[in-house]
Amino acid sequence: MMNNAANTNPIRRLARSQSPLTVAVEILFAIVIVVAFLYSQDPGLLVNALQPDASTQSLIGANQAPNPPSATGGPSLARLAGFDPKSQECQQIIKNGSFEMVGEWVLPLAPRPPAYTDEEASHGNLSLILGIGPSDQAIYSDSQASQIVDLPAMSESLVLMADVWRTASGDSSEQQYLEVLAGPDRYTLFSEQINLPAWQPVVYDLTLLAGSQVEILFGVRNSGGQGKAAMGIDNVRLYACQPLPADSRIGAGAKETATPLDGQGTKENGLFSLLLPFISLVHQPEEPTTQPTATPTASTIPGKPTACTERVINGDFESTDGWTIPNTPRPGRFTTDLAWAGNQSIALGIPPGQANAYSDSTAYQWVNLPADAGQITLRARLWRAGSSNGDIHYVWVAAEGKTTRVLQGLDDGQQWQEISYDLTSLAGKRLFLLLGTYNDGRGGVASMFADSVSILACDNPASPGSATPTPASAPTPEPTSTPTTIASSSHAPPAEMRSPDFGANGFLWWRPEIAHRDLQLIDQAGFRWVRQSFAWEDIQPTSAGFVWDWADQVVAQTNARGLSLVARLGMNPDTSNFWAGRPPVSNAKFVEFVSVLAQRYNCTPQAVGCVQAWQVWNEPNLAREWGGQRPDPAAYANLLGRVYRAIKAANPNALVISAGMAPTGTDNAIAMPDTRFYTDMYRAMGGKSTGYFDLLGVHAPGFAAPPETDPAQAAANPAYGGQRFFAFRHVEDIRAIMVANGDSDKRIAILEFGWTSDPVNPDYAWFGVGAGIDE
């Protein structure tokens, strides 16, 4: 950054580095441009150079690196290649996407806030820089730029485009990311660490979110360690498009490049145009591009009741009409390989035997549902195969920005099955119908064939002579990590924790009359869950046996109220002479204790009672909670995995929740920051939580800050504590660690949160009342 007083330019300037590495990268980048230009003149130049099994990833490079699934627990929005807004009627709806003026973007205050710069630009004169550059001091910071946009409901396609360059060093704690927030759903388009200081295009299909108000969020998160990460963004566009008439489209052989539609200058990013042949070469669809969808007519369908009309175009896939197939690493295709009826179906995903890849293979169309329909039913025949827990088959419908997951899960049945779903409540809506198969690029592959896809709208299904069958209930989505066991005398029904769901911490031990009162209050307040500590030393005071009186009483009273129970497993940290010792030296004995406990309360008819969820330990990032020893994430992860297996052996359908950590910035022998503990815990688990927990436990006290306070504000304001963890929204920092480890399909259980108005205890008064918090 320039500090010369003579420099009156208020825009932050980035220091240029002329290291040998930078020179090498610039030379390599120039070669790529030259080769791409030669290819654009002669497409056959490179075809012979490609082997039949050429790696998609090696050709595309970092721009197409896998991004984790969305926070909604499903596939991410599709990354596209080859989008040309001139092939459609498109309106550009992002404001100031070229950053040629100050405004339109929300730039939250952070230790390293975003800044406009004239030192780097892919389009025009200015761009926006986020994060910490190579010459800046490393510090914890989450640098963000966002804009809220209304996505038109009537759009046939919505495409987000941007140019980015990125620098990074250190481990994966530093992340550059792009997210789309739609109501409670968070879609991660990319979250990765890339060191490529050259402008690259990124292109994503947001059509699923038509009709929603969304927030487009660019960000760079730095951990404050040895690494540094930065990202420049420019030429951000979001096109809302309708197909052009066939006679007005650009010909297939045309080489024209789309021009900006937002008046942001006349210069188009040449790199994007030159890189497209590389991407298109790898991802050519196996069938011609689908034609624009037409409005279905209300004609009578042969073989159907006269009061019913079909709303899906080409649901039997006998032509290429009706459906849009995004161009992804493994695009969907019309095929004669397998069909339920007729000659063709649509294939999505990666068939067994083909090379694995990160890909979201989809097909979609818009369907108008009549307002006067008395019954609307979605039906489809699906053939599914899959062998890896990270992959997903899905059928979604969306209307007015709300998505219903008709089917989501993985199945290896390899036979045709029918699904049916009642859409009557959406009468009069414009529906987005999406079929897809998501492959995470790891383990086995997943594929799905779809045929006979139908949305039948009937005037009055109850009228005499109507032959419309009653739709079956929606299929239950299969889990992707924990196996589901059907309720029987051997196993309990699956425990359910909604999102959101609420509970209260109970202190039910020793005083059954008070427990009865408190459970009644919890029930009347509308809570569904009770969390109660089950201290090891209270239940197994000696190695000779167990004392079940109080535990049985607590479980029985909670069950009788119809409330669900989270049992917090652990021991009183003030217990100094417990026979079994403290963890980790007592791990084996503790696992034996949990096994007995989980079998006793495994929710079957033969059990003493039902505990639906188990929390494994409490705040092991504090030495006082970890046997007086230095906090050890790896040792806790080992204990967590062993306890998980013991609980699942007793009740495969119980929920296992990891310990919530104490929010702290202290890093010594007595405490470890929660962010470091979670990060190191994931590293000890090999970057995967499968086999360790079903929900990640988090503690989120509000301290002195209002609940909406951004963690960066808490860090910048001494009145709030001067650290990020003093904000309730510090939970978002923990969530980012989950996403960075590919765990965005799992949820967080906030085990403790709140604000205290206690004016009595001086050790706790500063949490709230000292800062002006009252009842």
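The values are calculated or read from the model by the stated rules, or taken from the named source; none is laboratory data. Model, not experiment: these values are computed from the prediction. Cβ atoms come from the backbone with ideal geometry, glycine included; neighbour counts cover every protein chain shown. Heads up: the accessible areas ignore ligands, DNA and RNA and are worked out on the full protein's heavy atoms, side chains in. Shrake-Rupley method; radii C 1.70, N 1.55, O 1.52, S 1.80 Å.
Points to keep in mind about this one:
- Residue identified as closer than 20 Å to TYR678 by Cβ and touching a Ser or Thr at 6+ places or on another chain (Cβ under 7 Å) among LEU640, LEU622: LEU640
- Test for ASN572: is it in contact (Cβ under 8 Å) with a residue 12 or more places away in the chain, open to solvent by 20 Å² or more (accessible area, probe 1.4 Å) and in contact with a helix residue (DSSP H, G or I) (Cβ under 8 Å, 6 or more places away or on another chain): yes
- The one condition in (1) over 25 Å from ASP743 (Cβ atoms); (2) modelled with pLDDT of 90 or more; (3) within 23 Å of the chain's Cα centre (by Cα) that SER157 fails to fulfil: (2)
- Residue list for segment 527-554, restricted to those being within 26 Å of HIS699 (Cα to Cα), open to solvent by less than 60 Å² (accessible area, probe 1.4 Å), not charged (D, E, K, R) and not in a strand (DSSP E or B): TRP536, ILE539, ALA551, VAL554
- Selection status of ASN460, modelled with pLDDT under 90 and buried (at least 24 other Cβ atoms within 10 Å of the Cβ): no
- Here ILE250 meets each of (1) at pLDDT below 85; (2) within 25 Å of the chain's Cα centre (by Cα); (3) of a type in the set (A, V, I, L, M, F, W, C) with one exception, condition (2).
- Condition met for LEU407 (touching a helix residue (DSSP H, G or I) at 6+ places or on another chain (Cβ under 7 Å) and open to solvent by less than 50 Å² (accessible area, probe 1.4 Å)): no
- Checking VAL608, VAL596, VAL616, VAL585 one by one, the residue that is touching a Lys or Arg at 6+ places or on another chain (Cβ under 8 Å) and not acidic (Asp, Glu) is VAL608 and no other.
- Residue list for segment 323-365, filter: part of a strand (DSSP E or B), touching a residue at least 60 places away in the same chain (Cβ under 8 Å) and out of contact with any Lys or Arg (no Cβ under 6 Å at 6 or more places or on another chain): THR324, THR335, SER345, ILE346, LEU348, GLY349, TYR358, ASP360, THR362, ALA363, TYR364, GLN365
- Subset of segment 555-581 that is in a loop (DSSP other than H, G, I, E, B) and of a type in the set (D, E, K, R) - its residue that is nearest to the chain's Cα centre (by Cα): ARG561
- Boolean, ASN327 is touching a His at 6+ places or on another chain (Cβ under 9 Å) and crowded, with 16+ Cβ neighbours inside 10 Å: yes
- Residue ID - surrounded by the fewest Cβ atoms within 10 Å (Cβ to Cβ), chosen from residues in segment 478-525 that are modelled with pLDDT under 60 and aliphatic (A, V, I, L, M): ILE486
- Residue check, ALA669 farther than 29 Å from PRO494 by Cα, hydrophobic (A, V, I, L, M, F, W, C) and touching a residue at least 12 places away in the same chain (Cβ under 8 Å): yes
- Of the criteria (1) open to solvent by 20 Å² or more (accessible area, probe 1.4 Å); (2) at positive phi, which one TRP579 fails: (2)
- Qualifying residue in segment 739-750 (condition: out of contact with any helix residue (DSSP H, G or I) (no Cβ under 8 Å at 6 or more places or on another chain), closer than 30 Å to GLY628 by Cβ and either touching a residue at least 40 places away in the same chain (Cβ under 8 Å) or open to solvent by 30 Å² or more (accessible area, probe 1.4 Å) (or both)): yes
- Among residues of segment 89-111 that are under 30 Å from ASN717 (Cβ atoms) and at pLDDT below 85, those with a Cβ under 7 angstrom from a residue that is of a type in the set (S, T, N, Q) and in a loop (DSSP other than H, G, I, E, B), sequence gap 6+ or separate chain, pair up as GLY103/ASN96.
- Among the residues of segment 183-201, the one identified as closer than 20 Å to LYS746 by Cβ and of a type in the set (A, V, I, L, M) is LEU189.
- Some residue of segment 682-693 being touching a Pro at 6+ places or on another chain (Cβ under 8 Å), among the aliphatic types (A, V, I, L, M) and closer than 27 Å to ALA504 by Cα: no
- Residue tally, condition in contact with a Ser or Thr (Cβ under 9 Å, 6 or more places away or on another chain) and surrounded by fewer than 23 Cβ atoms within 10 Å (Cβ to Cβ), over segment 370-384: 7
- Whichever residue in segment 582-610 is open to solvent by less than 20 Å² (accessible area, probe 1.4 Å) and assigned to a loop (DSSP other than H, G, I, E, B) and, among such residues, is modelled with the highest pLDDT: TYR601
- Of residues in segment 382-412 being outside any strand (DSSP E or B) and closer than 20 Å to GLY332 by Cα, the one modelled with the lowest pLDDT: GLY390
- Verdict on ALA168 being farther than 28 Å from ARG676 by Cβ and touching a residue at least 12 places away in the same chain (Cβ under 8 Å): no
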